[in-house]
1. For a Förster distance of 22 Å, can you work out the FRET efficiency between the beta-carbons of Ser26 and Ser55, rounded to the nearest 0.05?
2. Which entries in Lys20/Lys41; Lys2/Lys68; Lys2/Lys22; Lys2/Lys30 show an alpha-carbon gap greater than 27 Å?
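Just so you know, all these numbers are worked out from the coordinates, no wet-lab data involved. The structure displayed is predicted, hence computed values, not measured ones. With ideal geometry, Cβ positions are generated from the backbone for all residues, glycine too; neighbour counts draw on all protein chains shown.
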Amino acid sequence: MKSILIILAGGKGSRASNVKNKQFISINGKTILEHTLNKFKTIYSKKNIIIVLPSSKINSKSTDIYNKYTCHRFIL
């Protein structure tokens, strides 16, 4: 049976009362999204990971981050 991990990170995080989308807030040198991916990578051995993001947040820097976690991305 094939399984896929889908991380929903397309929201604005308006309740976090920050200028940035909360998934891109940096904590200890990594974004919250990176911390999430790292955690899932340690407990979830599958390589089929889909990250749901706003299309405006997809760029070469974010692509490099996702490739580090062998993720596939889905543009919202």
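1. Details: r = 22 Å, r/R0 = 0.99.
After rounding, the FRET efficiency stands at 0.50.
2. Working: Lys20/Lys41 25 Å; Lys2/Lys68 22 Å; Lys2/Lys22 31 Å; Lys2/Lys30 30 Å.
Violating the 27 Å Cα-Cα cut-off are Lys2/Lys22; Lys2/Lys30.
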